[in-house]
Amino acid sequence: MPTEADKAYDPVAVEADWRARWDRNRTNSFTLEELRTAERPFFNLMMFPYPSAEGLHVGNIYAFTGADVFGRFKRMQGHAVFEPIGFDAFGIHSENFALKSGVHPTELIPANVANFRRQLRRIGGMFDWDHTVDTTDPDYYKWTQWLFLQLFNHGLAEQKEAPVNWCPSCMTVLANEQVIVGACERCGTGVEQRFIRQWFFRITEYAERLLRNLKHIDWSDTTLKAQRNWIGRSDGAELHFPVAGSEREPGRTASGEDPGDEPAAETTRITVFTTRPDTIFGATYVVLAPEHPLVDAVTSNGCRADVEAYRARTQAKDMVARKKIEKRKTGVFTGGYCINPVNGDRVPVWIADYVLMGYGTGAIMAVPGHDERDFDFATTYELPIPRVIAAPGEDTSTPLEIAYEYPTGTLVNSGRYDGLDVEDAKTAIVGDLAAQGLAEAKVTYRLHDWCISRQRYWGPPIPIIHCEACGPVAVPEEHLPVILPHVEDFRPDATGVSPLSRVSDWYEVACPSCGGDATRETDVSDTFLDSAWYFLRYPSTDFRDRPFDPEITRRWLPVDCYIGGNEHAVLHLLYSRFVVMALHDMGLLHFEEPYDQFRAHGLIIREGAKMSKSKGNVIIPDPIIERYGADTFRLYLMFLGPFVEGGDYQDKGISGPHGFLHRLWESVVADDDQTPGDDPDPAVEQKLHQTIEKVTEQIATLRYNTAIAAMMEYLNAARAGGRAPARAEIEPLVCLVAPFAPHIAEELWRRLGHEGSVFDGANWPAFDPAKAAERVARVAVQVNGKVRGTVSAPAGADREAVVALASSEPNVARHLEGMEVRRTIHVPDRLLNFVVAEAAAIGSGSG
RNA sequence: GCCGGGGUGGUGAAAUCGGUAUACACAGGGGACUUAAAAUCCCCCGGGAGCAAUCCCAUGCGGGUUCAAGUCCCGCCCCCGGCACCA
């Protein structure tokens, strides 16, 4: 006998019950054997969270719920869906929090992870808890270190000097995002740059493939665009400007006839990169980055003091400030000159910090007439600004008020190239200079090599041993993992090197190669390395002796669907693509792109404002879940707006979805005497199939908000006028709602008499187009484009039939009176439009 | 500055192969049921005029194309996110 308590919807009880059943029945977990043999495998991935001390953020819940809805939907369509979750627990966030709170990360992180696990279970995600990953677990980072070694062994890891942000007050290295307008985010002290030897992965070797493959993968457009911009291919040329006074200048003839027979090795040349070789006649000076290696060579004695002072000033600025556009460009003349290779003109050489050593060749030819930055600089230092490109309607003498930068026009003031258009001139000039050894066509990428060294504590040690005799030596694979030693005080100190460099009994080791005295690398690796391969690990966590099992990997990878935030649209996705591509080239993976499909979700705001701790308007999930249940919370989050765009969380709005689930519950768990027979009402059944069609299509395209609206509309129709829906009307709705509200769906499915989980077996309702078809169409009738009435016509009715119906509609007839119908436009089942004009000037006026 | 994405009721938002603008929900108002409350159910809800039928206006602003424009084209304004001297 069901009791009263059994009949009321108690979300907290239902959800606790079903969490227990899922665990008991292993509903969401795969055994190793199941992973090996799964039919129709579907790898549903979401970006794993950083387990913060504050607990799961609504942003996380939003993202995970959206991904989980998709996974459950696929599962109900008969796929074997693998949906793992893990913890990205290394990195500067944990370390800084630990420094501030005084709790060591080795205590902090496990506590945070435990809390996250609890919260993740509570939201009802279909997570396989037997296959999780924690990047701080030595069993995991052993393989992160292994990955480093694979790249090292294949020549893709190398050491280079590179600048870091240094705060002289905190005595620590800062990440770029910790530098706010040139100052340390914590103490406000001005940041300097220091040069340190660091490890880099040669991702730039893969730039072209990383760019090219973007054409074939199914990703959000915005993400593809962000990747393209980041890789930043630009097509241009390197041009060589011999330094005046060094040997063997080319002849001074304007046409550049002197071929300068051999490209004389002893000639010092400044090589510039430009995308506009057509403007070379307008190059009135050359600018080197202050760090450029030729600065010393070109600087005259008279200018040396100024040059040195300027270089010192530049170095004191941090990299971030230097990248900000300042109002005035600055620079100094070196006293040196070089020769414009196209006409033999002597042009002065300057240094300026608007030229960056890290891009192109670290040197530019300045064309002030056709480049805004050069224009500003030339204006400041009163350098000449000639015109060499004329737009239509302009000529040589048209004054240049601002730089003319458009890549179209005709050359002027350019010797024998005058009259050529921009594109032809590029080819001709580069071709002619190349014949003299003074130019090469060249493609440059904005993408930099990936610096993975961190002078920090909370990360996996880089598995390298430095030996005086042998150089950097890989830690032998059998010695992995290189365990991160427990260091009580891991605060960075004045030396600016990693905290691990203070642990001599850890870093002093024998060289694996020669056995001599050697030291471990004391930097740890970037968190992005941890997350660059975690999806490979998930299905293979049953193996302790290999990072990923070939057979399992072949079945499950690449990832079928990846959902995550656009804040990782660039780096994380790019790095993981690179790692996969490299492993593919080593023969370790059968694919070279990790994610078949990627979708970026939107952001949640609250009551129209961005959420932030300082505003005190963050949504705290636990109390909401306690009050309404996870199902309501999930449903509401997905209802707020389109998943890929985000939405505005308004506290009161949750009552809508909550009421919907209550009504659904009552429609199933109705009083016995109200339970009607099994025959569905034809009109309701029609609506049902229309709803199945919409919901199926909209979930597949992540338009969850409208899918939910369609279900609400259907339930309203099925309950209209207080009627109790028939079982055949309501049972399919339980299935449709299941991806969003899995606990209540399970419970109602059980109460409808089914054994086991609604997610086992392909229970997604079948759509029958015949049942969904409308038999009567409501056709809007317009006169001159204005709606004057609607008529009901049999579906598919032809023009004459609809015209006849429409003409007898009183209001339509009134508007047609005295008018001549010139045209009639008929859109079947939708609309009829009479285009009319006054028949004659005679009888005006209507009734 | 550049690259994305947007501006539709009191609010979150629907509708973009051009075809009845405002689905669904919140907030608000009225009613039924109930001892009462909750829950449920029904009705109203863009602005203006009118007793009403009905008419006019309305999708950031200004033009245009079309029988027909929230949707397409041109020119602006504003908001959000990202990148930022990339030669």
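General remarks:
- Of the criteria (1) polar (S, T, N, Q); (2) assigned by TED's automatic domain parsing to the domain that holds A:Ile196; (3) under 32 Å from the mean Cα position of the chain (by Cα), which one A:Thr553 fails: (2)
- Whichever residue in segment A:555-565 is surrounded by 21 or more Cβ atoms within 10 Å (Cβ to Cβ) and away from RNA strand B (no atom under 16 Å from the Cβ) and, among such residues, is nearest to A:Pro539 (Cα to Cα): A:Trp556
- Of all residues making up segment A:667-690, the number that are outside any loop (DSSP other than H, G, I, E, B) and either among the small types (Gly, Ala, Ser) or at pLDDT 85 or above (or both): 11
- Among (1) surrounded by 19 or more Cβ atoms within 10 Å (Cβ to Cβ); (2) not in a loop (DSSP other than H, G, I, E, B) - the single one A:Thr136 does not satisfy: (2)
- Subset of segment A:743-770 [in a loop (DSSP other than H, G, I, E, B), within 38 Å of the chain's Cα centre (by Cα) and not charged (D, E, K, R)]: A:Ser757, A:Val758, A:Phe759, A:Gly761, A:Ala762, A:Asn763, A:Trp764, A:Pro765, A:Ala766, A:Phe767
- In segment A:552-593, the residues that are more than 26 Å from A:Phe200 (Cβ to Cβ), out of contact with any helix residue (DSSP H, G or I) (no Cβ under 6 Å at 6 or more places or on another chain) and among the β-branched types (Val, Ile, Thr): A:Thr553
- The set of residues from segment A:730-740 being within 14 Å of RNA strand B (Cβ to nearest atom) and under 14 Å from A:Pro680 (Cβ atoms) comprises A:Ile730, A:Leu733.
- Segment A:353-393: number of residues that are in a loop (DSSP other than H, G, I, E, B), of a type in the set (A, V, I, L, M, F, W, C) and more than 11 Å from RNA strand B (Cβ to nearest atom): 4
- When A:Thr696, A:Thr691 are screened for being within 13 Å of RNA strand B (Cβ to nearest atom) and closer than 30 Å to A:Arg599 by Cβ, only A:Thr691 passes.
So that you can scan it fast, the table gives a plain yes or no per residue for (1) surrounded by fewer than 21 Cβ atoms within 10 Å (Cβ to Cβ); (2) at pLDDT below 95; (3) within 31 Å of the chain's Cα centre (by Cα):
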| residue | (1), (2), (3) |
| --- | --- |
| A:Ile325 | yes, yes, yes |
| A:Arg328 | yes, yes, no |
| A:Asn343 | yes, yes, no |
| A:Arg346 | yes, yes, no |
| A:Gly369 | no, yes, no |
| A:Leu383 | yes, yes, no |
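- Of all residues in segment A:546-565, those that are assigned to a strand (DSSP E or B) and in contact with a Phe, Trp or Tyr (Cβ under 9 Å, 6 or more places away or on another chain) total 5.
- Of the residues making up segment A:765-776, not a single one is over 30 Å from A:Gly564 (Cβ atoms), touching a Phe, Trp or Tyr at 6+ places or on another chain (Cβ under 9 Å) and not assigned by TED's automatic domain parsing to the domain that holds A:Ala16.
- Residue match in segment A:76-86 (condition: of a type outside the set (Asp, Glu), surrounded by 24 or more Cβ atoms within 10 Å (Cβ to Cβ) and out of contact with any Ser or Thr (no Cβ under 7 Å at 6 or more places or on another chain)): yes
- All positions within segment A:100-133 that are in a helix (DSSP H, G or I), aliphatic (A, V, I, L, M) and surrounded by fewer than 18 Cβ atoms within 10 Å (Cβ to Cβ): A:Ala111, A:Ala114
- Residue match in segment A:2-24 (condition: outside any helix (DSSP H, G or I), over 31 Å from the mean Cα position of the chain (by Cα), among the basic types (Lys, Arg) and within 30 Å of A:Ala111 (Cβ to Cβ)): no
- Cβ separations smaller than 8 Å between residues 6+ apart or across chains give the following pairs from segment A:360-374 residues that are more than 10 Å from A:Gly282 (Cα to Cα) to residues that are in a loop (DSSP other than H, G, I, E, B) and hydroxyl-bearing (Ser, Thr, Tyr): A:Arg373/A:Tyr354.
- Close Cβ contacts (under 9 Å, 6 or more residues apart or on different chains) running from residues in segment A:774-794 that are in a strand (DSSP E or B) to residues that are among the aromatic types (Phe, Trp, Tyr) and modelled with pLDDT of 90 or more comprise A:Val781/A:Phe834; A:Gln782/A:Phe834; A:Val783/A:Phe834; A:Arg788/A:Phe834.
The values are calculated or read from the model by the stated rules, or taken from the named source; none is laboratory data. The shown structure was predicted, so the numbers you read here are calculated from the model rather than taken from an experiment. Cβ atoms come from the backbone with ideal geometry, glycine included; neighbour counts cover every protein chain shown.
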